[in-house]
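*Asks:* Input: one structure, supplied below.
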Amino acid sequence: MLHRASTRTVGRPAARNGPEARELLLDAATELFALHGVAATTFAQIAKQAGLTPAMLHYYFEDRDQLLDAVVQERFLRFVAHVWDPVHPGSEPEEAIQGIVGRMLEAIERMPWVPSMWLRDVVNEGGLLREKVQRRLPYEKARLLGSAIARGQANGSLNRELDPLLTVSSAVGLVLIHMATLKPWAEKFRREPLARRALQRHITGLLLNGLCTKKTKPKRISKSR
């Protein structure tokens with residue numbers, strides 16, 4: 001009896017191959033990187049998390065550097081594009097800030113690994129994703145938003161005490177810190193974690209209005225000499 005010749009590429013693992021396996025491996029990598037950090041995560045752990053073999057992982061990603069490039073390009077940059085692509089020249093600063101905060105929170109609900117990985121391996125000095133992510137960030141979009149904030153300061157609608165570009169960083173940082181600490185903070189004070197809409201109102205309110213009500217004139221901060 002003749003056996004049908006296999007069409008599988010030589011050297012390619014037989015089980016669960018193709019795009020599905022590659023996606024499973026990337027999902028497993030991002031989950032474990034968020035839990036343990038990139039440095040503490042092995043290929044064997046990633047393969048086990050994905051329910052695949054180490055041989056399958058090595059087929060798709062020859063080494064750690066290739067895997068990290070894929071995680072950045074196909075996971076992190078999807079998040080970044082979702083958040084920043086809608087920012088355009090002429091954006092109103094208040095609407096743009098609200099949009100960035102809202103899109104970040106919405107995306108993190110679908111990608112809960114983002115805050116932990118960002119803080120551990122992108123922001124942290126020596127983080128293994130730091131250089132790979134930072135050289136791909138849309139800095140021109142941040143400049144556009146900074147320019148919009150500066151316009152608002154010039155026409156008197158926004159606080160002139162603030163640094164426009166640092167305000168952009170503050171918006172991003174507030175979302176990431178809040179999402180990274182939401183559950184432990186709620187547990188510490190024995191309360192339910194804030195829902196996304198409530199958290200969005202809190203962060204945008206803090207950014208746009210601060211702690212002063214409209215009836216209270218903000219205290220001017222003296223400039224150091």
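The values are calculated or read from the model by the stated rules, or taken from the named source; none is laboratory data. Small disclaimer: the values here were computed from a predicted structure and weren't measured. Cβ coordinates were reconstructed from backbone atoms using ideal geometry, including for glycine residues, and neighbour counts include every protein chain displayed. Each accessible area value is taken on the protein alone, full model and side chains, heavy atoms only, with ligands, DNA and RNA left out. Shrake-Rupley method; radii C 1.70, N 1.55, O 1.52, S 1.80 Å.
*Asks:* Six or more apart or on different chains, Cβ atoms under 7 Å: show the pairs whose first residue is in the stretch 181-206 and touching a residue at least 60 places away in the same chain (Cβ under 8 Å) and part of a helix (DSSP H, G or I) and whose second is open to solvent by 70 Å² or more (accessible area, probe 1.4 Å) and not β-branched (Val, Ile, Thr).
*Replies:* Partner pairs satisfying both residue conditions: ARG196/GLU109; THR204/GLN98.
*Asks:* Out of contact with any strand residue (DSSP E or B) (no Cβ under 8 Å at 6 or more places or on another chain) and part of a helix (DSSP H, G or I): does that describe ARG160?
*Replies:* Criteria not met by ARG160.
*Asks:* Restricting attention to the stretch 163-201, which residues are open to solvent by less than 80 Å² (accessible area, probe 1.4 Å), of a type in the set (A, V, I, L, M, F, W, C) and within 16 Å of PRO93 (Cα to Cα)?
*Replies:* Those that are open to solvent by less than 80 Å² (accessible area, probe 1.4 Å), of a type in the set (A, V, I, L, M, F, W, C) and within 16 Å of PRO93 (Cα to Cα): VAL168, ALA171, VAL172.
*Asks:* Right, next: Any idea how many residues of the stretch 80-105 are exposed (fewer than 14 other Cβ atoms within 10 Å of the Cβ), more than 11 Å from the chain's Cα centre (by Cα) and assigned to a helix (DSSP H, G or I)?
*Replies:* Total meeting the criteria: 1.
*Asks:* Checking the condition assigned to a helix (DSSP H, G or I) and surrounded by 13 or more Cβ atoms within 10 Å (Cβ to Cβ), which residue from LEU77, LEU128 passes?
*Replies:* Working: LEU128 fails: assigned to a helix (DSSP H, G or I).
The unique qualifying residue is LEU77.
*Asks:* Another question, if that's okay. Taking the stretch 94-142, which residues are of a type in the set (Phe, Trp, Tyr) and more than 29 Å from ASN159 (Cβ to Cβ)?
*Replies:* TRP113
Residue-by-condition table, conditions (1) under 19 Å from ALA171 (Cα atoms); (2) touching a helix residue (DSSP H, G or I) at 6+ places or on another chain (Cβ under 6 Å); (3) of a type in the set (Gly, Ala, Ser):
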site: LEU128; (1), (2), (3): no, yes, no
site: GLU131; (1), (2), (3): no, no, no
site: GLY146; (1), (2), (3): yes, yes, yes
site: ALA154; (1), (2), (3): no, no, yes
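*Asks:* What pairs come up if the first residue lies in the stretch 153-171 and is without any contact (Cβ under 8 Å) to a residue 24 or more places away in the chain, the second is in a helix (DSSP H, G or I) and open to solvent by less than 80 Å² (accessible area, probe 1.4 Å), and their beta carbons are under 6 Å apart, counting only those six or more places apart or on different chains?
*Replies:* Listed by first residue and then by second, the contacts come to ARG160/GLN153; PRO164/GLY146; PRO164/ILE149; PRO164/ALA150; LEU165/GLY146.
*Asks:* Select from the stretch 55-74 the residues that are among the hydrophobic types (A, V, I, L, M, F, W, C) and outside any loop (DSSP other than H, G, I, E, B) and write down the one among them that is most open to solvent (accessible area, probe 1.4 Å).
*Replies:* Restricting to residues being among the hydrophobic types (A, V, I, L, M, F, W, C) and outside any loop (DSSP other than H, G, I, E, B), the top hit is ALA55.
*Asks:* Across the stretch 15-42, which residue is modelled with the lowest pLDDT among those that are part of a helix (DSSP H, G or I) and surrounded by fewer than 17 Cβ atoms within 10 Å (Cβ to Cβ)?
*Replies:* That would be PRO19.
*Asks:* Also: Can you tell me which of SER116, SER91 is touching a helix residue (DSSP H, G or I) at 6+ places or on another chain (Cβ under 9 Å), closer than 30 Å to SER147 by Cβ and small (Gly, Ala, Ser)?
*Replies:* Values: SER116 fails: closer than 30 Å to SER147 by Cβ.
Unique residue meeting the criteria: SER91.
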